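Student: Input: one structure, supplied below.
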Amino acid sequence: MVVGKPLFSEEDIQKKVKELAEQISKDFEGQELVTIGILKGAFMFFADLVRHIKVPLTIDFIVASSYIKESTTGEVKIHYDVREEIEGKNVLLVEDIVDTGITLNYLRERFLLRSPKTLKICALLDKKERRLVDVPIDYKGFEIPNEFVVGYGLDYNNQYRNLPYIAIFKKSI
Ligand code: PRP
C-alpha cells in the first residue's frame with residue numbers, strides 16, 4: 001500500500017480552512033458557538049478551523065466510530081460524549097469526511113434531541129458518491145471522488161493521520 005501524490009496540499013487545505021472559518025464567523029457574528037470535533041478523524045481540521053473563527057466559542061469533542069466498514073450494519077459507537085451543555089446553544093459539528101453519511105446522521109439526530117438553538121455541520125471532505133443517508137452539510141470544504149484518502153486526520157489502520165496533506169491511498173503505484 002502506498003500514499004500517492006497529495007490530492008490537496010497543505011496550502012490548499014489551509015486556504016480552504018480559512019475560507020470556511022470566515023463564512024462561519026460571518027454567519028454567527030454577534031453570537032456564540034459551541035464547536036464539537038468528531039474524533040479521531042477531525043482532530044487536525046478542528047484545531048485549524050477553530051483558530052480562525054472570530055466569534056466567541058467553546059470547544060468539546062465526541063469520539064465516535066462507524067462499523068459499516070466491517071459489518072455494513074452502519075452501527076455507530078460513541079466512545080466519549082460531549083460534556084458541554086448544548087440546549088439553547090448554537091452548535092457546530094466538525095467532521096473530517098462524510099462518506100455514507102451514517103456517522104453524521106446518527107450524531108445529528110442525537111444532538112437534535114438535546115434541543116440546541118441551531119445545529120450546523122462543517123465537513124472538510126464530501127465523498128458524495130458513497131452516500132447512503134442524506135445529511136445536510138452547511139459548510140463544506142472539498143468534494144472528492146470515491147477513492148480512499150489518508151492524511152490530515154484521515155487514517156488507514158489508524159496510521160497517516162499526522163500527514164499535513166491529503167493523499168489517495170493505493171494498493172500499488
Ligand atoms: C470516519 C470519519 C467519519 C466517518 C465517515 O470515522 O472520520 O467520522 O468515518 O464515514 P460515514 O459517513 O460512512 O459514516 P471512523 O469511523 O473511521 O473513525 P475515526 O474518526 O476514528 O477515524
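The values are calculated or read from the model by the stated rules, or taken from the named source; none is laboratory data. Note that the structure is a prediction, hence the values are computed from the model and not measured. A quick note on method: Cβ atoms are made from the backbone with ideal geometry, for glycine too, and the neighbour counts reach across all protein chains shown.
Student: Pick out, from region 50-151, the strands (runs of 3 or more DSSP E) lying fully within it that include 1 or more residues that are over 25 Å from Ala21 (Cα atoms) and of a type in the set (A, V, I, L, M, F, W, C).
Tutor: Answer list for region 50-151: 76-80.
Student: Another question, if that's okay. On the given criteria, is Glu29 surrounded by fewer than 16 Cβ atoms within 10 Å (Cβ to Cβ) and assigned to a loop (DSSP other than H, G, I, E, B)?
Tutor: Spelling it out, Glu29 is indeed surrounded by fewer than 16 Cβ atoms within 10 Å (Cβ to Cβ) and assigned to a loop (DSSP other than H, G, I, E, B).
Student: What are the pairs, 6+ residues apart or on separate chains, where a residue within region 112-132 that is closer than 23 Å to Met44 by Cβ has its Cβ under 6 Å from a residue that is within 10 Å of the ligand (Cβ to nearest atom) and β-branched (Val, Ile, Thr)?
Tutor: As it stands, the answer is Ala123/Val98; Leu125/Ile97; Asp126/Val98; Arg130/Thr100, since those pairs meet every condition given.
Student: Can you tell which of Val63, Val50, Val55, Val2 is over 19 Å from Lys127 (Cβ atoms) and modelled with pLDDT under 95?
Tutor: From the options Val63, Val50, Val55, Val2, the qualifying one is Val2.
Student: Restricting region 82-98 to residues that are modelled with pLDDT of 95 or more and out of contact with any strand residue (DSSP E or B) (no Cβ under 6 Å at 6 or more places or on another chain), which is surrounded by the fewest Cβ atoms within 10 Å (Cβ to Cβ)?
Tutor: Checking each candidate, the answer is Glu87.
Student: In region 152-173, how many are under 16 Å from the mean Cα position of the chain (by Cα), among the basic types (Lys, Arg) and not in a loop (DSSP other than H, G, I, E, B)?
Tutor: Summing the residues that are under 16 Å from the mean Cα position of the chain (by Cα), among the basic types (Lys, Arg) and not in a loop (DSSP other than H, G, I, E, B) in region 152-173 gives 0.
Student: So how many residues does region 32-61 have that are of a type in the set (Phe, Trp, Tyr) and crowded, with 22+ Cβ neighbours inside 10 Å?
Tutor: Qualifying residue count for the region: 2.
Student: Every residue in region 28-70 that is away from the ligand (no atom under 16 Å from the Cβ) and not β-branched (Val, Ile, Thr), please.
Tutor: If the condition is that a residue be away from the ligand (no atom under 16 Å from the Cβ) and not β-branched (Val, Ile, Thr), then Phe28, Glu29, Gly30, Gln31, Glu32, Leu33, Arg51, His52, Lys54, Pro56, Leu57 are the ones that fit.
Student: Considering only region 132-153, I want to know if a residue exists there that is within 13 Å of the ligand (Cβ to nearest atom) and in contact with a Ser or Thr (Cβ under 8 Å, 6 or more places away or on another chain).
Tutor: The answer is yes, given that some residue of region 132-153 is within 13 Å of the ligand (Cβ to nearest atom) and in contact with a Ser or Thr (Cβ under 8 Å, 6 or more places away or on another chain).
Student: A further question on this structure: Only residues in region 25-37 that are among the small types (Gly, Ala, Ser) count as the first member; pair them with residues that are in a loop (DSSP other than H, G, I, E, B), Cβ under 8 angstrom, at least 6 apart or cross-chain, and list the lot.
Tutor: Ser25/His52; Ser25/Ile53; Ser25/Lys54; Ser25/Val55; Gly30/Val55
Student: A further question on this structure: Tally the residues that are among the acidic types (Asp, Glu) and touching a strand residue (DSSP E or B) at 6+ places or on another chain (Cβ under 9 Å), restricting the search to region 22-62.
Tutor: The number of residues fulfilling the criteria is 3.
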